[in-house]
């Protein structure tokens, strides 16, 4: 690592600690992902365990294995951890999966976290958004702004790569963890989200993990068609004559009629591409 990069990381880390200390005490919206785990670690370093609460929602839109990792990571950091139920599917309008689905979800979720902060005597609620999130369509960020939620990683000027490098330096197990987003992000806008289809998506992604697929995995649900978004380094394995029939059999067993591999590979926010394409074409 170059001296310049080390210096920039040190500056970002120090800015982050200053921001967190100014907040006094925080509830961290904790998903066990790369960003929120690093934020939880930083909050404890800045404020101490007594002034930090990690809060994780249990929901059909998040796999149980993610929740279990949240419990494990919080315990390893010495953080107090609070779990609560948050059923997004019960929120009016969420199941219909509109383009502002994330706004609906974040308003509910972080509204709950604000109430928890008030009840538990914490001064602020923080989330793991970083500067790279500004590059994509993120309606949920409007909900955070509306509710007065702080994003210390973003305020400190830290991006995803910075967070991974700082996490590695801190010895966090998430430093090279694949990116993850809630299972609702696997559905094209306008395609209804149901408990059964969320379970199908989750089962498909677990199968691919167990098969040995590396990196981020996205099972994109297009009703009767499943579109697999994977790191292209997995393509050779996926099309192996000994492997792909097992994949087809699994996904047909989950109820899909057609099983496809996206040759563009995994990329964050691919479901938003249709929005940008329509905008560039002057469509609504």
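What follows draws every value from the coordinates through simple rules; no lab data is involved. Every value quoted in this text rests on a predicted model; they were computed, and no experiment measured them. Every residue, glycine as well, gets a Cβ built from its backbone with ideal geometry; the counts of neighbours run over all protein chains shown.
Side notes on the structure shown:
- Here the gap between residue 233 and residue 260, fully extended at 0.36 nm per residue and compared with their Cα-Cα distance, gives a gain of 8.1 nm.
- The C-alpha atoms of the chain define a longest principal axis, and helix 244-253 lies at about 80 degrees to it.
- Short-range pairs are left out: with C-alpha atoms under 8 Å and at least six residues apart, the relative contact order of the chain is 17 percent.
- Residues of the stretch 76-115 with amide N under 16 Å of the 7 Å Cα→Cβ point at residue 50: 79-80
- Part-to-part distance (alpha-carbon centres) for the stretch 122-195 and the stretch 76-109, which is given in Å: 13
- Size descriptors for the stretch 1-129, from the alpha-carbon set: Rg then Dmax equal 15.9, 52 Å.
- In plain terms, the residue of 266, 62 with the fewest other Cβ atoms within 10 Å comes first and the most crowded comes last, giving 266, 62.
- Working from label points 7 Å from Cα in the Cα-to-Cβ sense, the residue 249 to residue 96 distance is 4.2 nm.
- Ranked list, fewest to most other Cβ atoms within 10 Å of each Cβ, for 166, 5, 158: 5, 166, 158
- Both numbers refer to the Cα atoms of the stretch 76-129; Rg and Dmax are 13.4, 39 Å.
- Rel. contact order, % - alpha carbon contacts under 8 angstrom, at least six apart, the stretch 3-170: 27
- Computed from Cα atoms, the angle from the helix 101-120 axis to the main principal axis of the chain rounds to 30 degrees.
- Once the Cα atoms are used to define both axes, helix 64-77 deviates from the longest principal axis of the chain by about 20 degrees.
- Efficiency of FRET from Cβ geometry, residue 65 and residue 192, R₀ 25 Å, rounded to 0.05: 0.50
- Each Cα pair under 8 Å and six or more residues apart adds its sequence gap; the mean of these over the residue count of the stretch 138-284 is a relative contact order of 18 percent.
- Protection proxy ranking, highest mean first, for peptides 7-13, 112-118: 112-118, 7-13, where packing is the per-residue count of other beta-carbon atoms within 10 Å, averaged.
- Distance from the alpha carbon centroid of the stretch 32-55 to that of the stretch 218-251 works out to 36 angstrom.
- Rounded if a/c under 1.5, otherwise prolate or oblate - the stretch 156-284, Cα gyration tensor axes: oblate
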